[in-house]
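I have placed the structure first, in the form of structure tokens, so that the comments after it can refer back to it.
The values are calculated or read from the model by the stated rules, or taken from the named source; none is laboratory data. Keep in mind the model is a prediction, meaning the values are calculated, not measured. In this analysis, Cβ positions are derived from the backbone assuming ideal geometry, glycine residues included, and neighbour counts consider all displayed protein chains. Ligands, DNA and RNA are excluded from the accessible area calculation, which covers all protein heavy atoms including side chains. Shrake-Rupley method; radii C 1.70, N 1.55, O 1.52, S 1.80 Å.
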Amino acid sequence: MTFLAPASRARRAALPVALCAGLTAVLTACGEEPPPDPDAGTNGVGKLSATAIESKARAAAGGAQAVRLSGTLVSKGGTYELNMRLNRTGAAGSVVTRTSTFELLRVGDALYLKADADFWASGTSGEGEERDDSGTGAADKLDDMYVKVPEDDPSYKQLRGFTEMNVLLDGLLELHGGIVKGDRSKVGGIRTIKVAGGPKGEGGTLDVSLEGTPYPLRFARGGGAGVVVLSDWNKAFPLTAPSKDETLDYGRQLPRTSD
């Protein structure tokens, strides 16, 4: 009978243990999954620099034919809550201010405004004088009817500004300050990458789609000047002038629409 020295027996006993430990490590390593690729299944825009992402978003918006814009804009003239569908030839939607609510419809250069009787009865004239009660009957007739805004009316330019796709997008998508790349997020269930003006977004923050065309999907203006969501990119919508039965002539300068 052969006897092993204690040291030999210890080495032989340790061998299976070492093999098992090594095998366990291999199996464990094989079972580990690599960290998920944040750009998997995206349009790849997230890999670009902040300035390149902004450029892609602006180019996508510039090439689009239609968009829905909803949200709040704050300016020196007041606070406006917009829900507008816009294309290159016109727009349709609503505007809400602190004191009034009205709808706008533009087909080419023809601009129409629709509001309730209170809007027409409580407005002020161009000279700042309150309208008298004699206008109440006319206001009732104008309730929920379209009024064509004369192009020489002081309100025409301001109201048309709410319906101009290129004007709104050019003004809204501008970031101020050094552009930095932000976190990934989602807007309406769509994955996005943020780019911002300044390290804290003080010059605005833009969410750009990581799915399909890199459209801008959300813009937070700097200084708390409002947040808008951009959706329904390139989706066509009907845009026709109202019929004569839906239209009345106001006959004088339109009420002011600012706060």
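When the charge dipole of the range 183-255 is built from unit charges on Cβ atoms (+1 for Lys and Arg, -1 for Asp and Glu) and taken about the Cα centre, the candidate among Leu239, Gly198, Tyr215 whose Cα reaches farthest toward its positive end is Gly198. Taking 7 Å steps out from each Cα toward its Cβ at Asp37 and Lys141 produces label points 6.9 nm apart. Here Ser55 and Asp232 are evaluated by their C-beta separation; at R0 = 30 Å the FRET efficiency comes out at 0.85. Summed over the residues of the range 157-237 and divided among them, the accessible surface reaches 46 Å² per residue at a probe radius of 1.4 Å.
Which whole number of Å³ per residue matches the convex hull of the alpha-carbon atoms in the range 169-259? Please report the intermediate quantities before stating the final value.
Working: hull volume 14.2 nm³, N = 91.
Dividing the Cα hull volume of the range 169-259 by its residues yields 156 Å³.
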